[in-house]
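What follows is a short report on a single structure.
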Amino acid sequence: TQRSFVLIKPDAVRRGLVGAVLSRFEAKGLSVVALSMRQVTEELADEHYAEHLDRPFYPPLRRFITSGPSVALVLEGDEAIEVVRSLNGATDGRKAAPGTIRGDLSLSNRENLVHGSDSPESAAREIALWFPELG
Ligand code: ATP
């Protein structure tokens, strides 16, 4: 079994899609290990997205991710990291496959509803950052 960090982003909260997004993960069979609504600060955004700090898309991404509350989750299950990423779909909601969260519900490459860890190393780093009490 494996754990993944998932963030339901501010666009999903604003659009009233928290339940719809969470339902897809639960229906797949992943377990909710931790769940917390958070107003992401600029400091937390910079730590979470450390690898993107120098990218041209980062300033608007930081404005977006701090623009309202998000819901932080740790999900657990067999191959949770890959399973979450396949449920999320491609980064750009306009190109993500139908049947995925982004493919069905997002029309944007920034406001794409959800984040999921991309490797076991990122999952460990992100879980420690967002839920130090799980350490
Ligand atoms: P996430 O890390 O959120 O699960 P991802 O791994 O599919 O998404 P990354 O390449 O890590 O995508 O980018 C992180 C986030 O930055 C994306 O989810 C999206 O919100 C934003 N982003 C990425 N590329 C772009 C871009 N070209 N223009 C605008 N926003 C972008």
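The values are calculated or read from the model by the stated rules, or taken from the named source; none is laboratory data. Just so you know, these numbers come straight off a predicted model, no measurement behind them. All Cβ positions, glycine included, derive from the backbone under ideal geometry; neighbour counts span all protein chains shown.
Of all residues in region 1-33, those satisfying the criterion of being aliphatic (A, V, I, L, M), more than 20 Å from Gly68 (Cα to Cα) and touching a residue at least 12 places away in the same chain (Cβ under 8 Å) are Leu30, Val32, Val33. If Arg102 passes every condition in (1) within 11 Å of the ligand (Cβ to nearest atom); (2) exposed (fewer than 13 other Cβ atoms within 10 Å of the Cβ) but one, which one does it miss? So Arg102 meets the others, but not (2). What are the pairs with Cβ atoms under 6 angstrom where one residue, in region 49-72, is closer than 12 Å to Ile8 by Cα and the other, located anywhere, is within 8 Å of the ligand (Cβ to nearest atom) and assigned to a loop (DSSP other than H, G, I, E, B)? Sequence gap at least six, or different chains. Sorted first by the residue in region 49-72, then by its partner, the pairs are Ser70/Lys9. Among the residues of region 48-57, none qualifies, meaning not one is buried (at least 16 other Cβ atoms within 10 Å of the Cβ) and more than 13 Å from the ligand (Cβ to nearest atom). Taken together, the criteria exclude Ala72 from residues that are farther than 26 Å from Glu133 by Cα and buried (at least 19 other Cβ atoms within 10 Å of the Cβ). Can we say Leu107 is exposed (fewer than 14 other Cβ atoms within 10 Å of the Cβ), in contact with a strand residue (DSSP E or B) (Cβ under 8 Å, 6 or more places away or on another chain) and in contact (Cβ under 8 Å) with a residue 12 or more places away in the chain? Against the criterion (exposed (fewer than 14 other Cβ atoms within 10 Å of the Cβ), in contact with a strand residue (DSSP E or B) (Cβ under 8 Å, 6 or more places away or on another chain) and in contact (Cβ under 8 Å) with a residue 12 or more places away in the chain), Leu107 does not qualify.
None of Ser67, Ser31, Ser23 is over 21 Å from Ser106 (Cα atoms) and among the small types (Gly, Ala, Ser) except Ser31. Residues that are in a strand (DSSP E or B) and touching a Phe, Trp or Tyr at 6+ places or on another chain (Cβ under 8 Å) within region 53-110 comprise Ala72, Leu73, Val74, Leu75, listed in sequence order. Considering only residues that are within 13 Å of the ligand (Cβ to nearest atom) and in contact (Cβ under 8 Å) with a residue 12 or more places away in the chain, look in region 123-135 and name the one that is nearest to Ser36 (Cα to Cα). If we take residues in region 123-135 being within 13 Å of the ligand (Cβ to nearest atom) and in contact (Cβ under 8 Å) with a residue 12 or more places away in the chain, then Glu126 is nearest to Ser36 (Cα to Cα). When Ala20, Ala34, Ala12 are checked against the criterion of being among the hydrophobic types (A, V, I, L, M, F, W, C), under 13 Å from the mean Cα position of the chain (by Cα) and surrounded by 13 or more Cβ atoms within 10 Å (Cβ to Cβ), Ala12 stands alone in meeting it. Answer yes if at least one residue in region 52-60 is at pLDDT 95 or above and in contact with a strand residue (DSSP E or B) (Cβ under 9 Å, 6 or more places away or on another chain), and no otherwise. No, the conditions are met nowhere in region 52-60. Being part of a helix (DSSP H, G or I) and touching an Asp or Glu at 6+ places or on another chain (Cβ under 9 Å) is true of Asp11.
Scanning region 112-121 for residues that are part of a helix (DSSP H, G or I) and in contact (Cβ under 8 Å) with a residue 24 or more places away in the chain turns up just one, Pro120.
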